[in-house]
Amino acid sequence: RGRPHRAFTVRPRQGAAGAVIGAERNTGDAAVLAETDLVLRQLARALGVALGNLHVLRVERSLALQLQHRLLPTPLPVIDGLELAVRYVASAEHAEVGGDFFEILELGGDRVGIAIGDVQGHSLDAAAVMAGPGPWVQAYAPEGHPPRAILQRVNALLMRSPPHLIATACYGRPDLRSGRALLS
């Protein structure tokens, strides 16, 4: 607006949006101007780091959401004698990212395998860890192991797979003929 001012460009990491900050100069005092420039430079650096971190968090969130949604089973299997419905609602409080998983498996005859679980945390690490238990259950369940043995095998694999996050899980094998289920 025609008044003297000083501006600095905020340069974050590659891929993040930049900004410009400035201050109006109300004095001609060289010491005050030098101090103003120093403060603006420091603020520009701090804002650059903050904008870069925000960009990294957005990229991580996007990757974790993509990973998580691709790993959840769709469509659900059609199993005679069993009506299936699932609803996955991510936690908006934690940027919609987590390590939730479920599997529904047709095991032949009147046997079905159902697993549900959650990996500790709400991060890209949690979403990546959740990629393991579902396929591992898919691999062990058709072999006919009881639920306890399946979860023990999945746990052994998780213990060897970094990052070491805690996961909770339930695996059940309902028998559609008898109406009974074995759970662990």
Over the range 118-153, the set of residues within 12 Å of residue 103 (Cβ to Cβ), in a helix (DSSP H, G or I) and open to solvent by less than 10 Å² (accessible area, probe 1.4 Å) is 133, 134, 137, 141, 150
Out of all the residues in the range 1-31, which are at pLDDT below 70 and open to solvent by less than 70 Å² (accessible area, probe 1.4 Å)? 15, 16
Determine, yes or no, whether residue 94 is modelled with pLDDT under 80 and open to solvent by less than 90 Å² (accessible area, probe 1.4 Å). yes
Only residues that are modelled with pLDDT under 80, open to solvent by less than 70 Å² (accessible area, probe 1.4 Å) and not aliphatic (A, V, I, L, M): list them for the range 61-86, please. 62, 68, 73
Just the residues that are over 21 Å from residue 6 (Cα atoms) and out of contact with any Pro (no Cβ under 9 Å at 6 or more places or on another chain), please, taken from the range 33-63. 56, 57, 58, 59, 60, 61, 62, 63
For the subset of the range 154-182 comprising residues that are in a helix (DSSP H, G or I) and among the hydrophobic types (A, V, I, L, M, F, W, C), which member is least open to solvent (accessible area, probe 1.4 Å)? 154
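The values are calculated or read from the model by the stated rules, or taken from the named source; none is laboratory data. All values derive from a computational prediction rather than experimental measurement. Note: ideal-geometry Cβ built from the backbone for every residue, glycine included; neighbour counts use all protein chains shown. When the accessible area is computed, the model is the full protein with side chains, heavy atoms only, and any ligands, DNA or RNA have been set aside. Shrake-Rupley method; radii C 1.70, N 1.55, O 1.52, S 1.80 Å.
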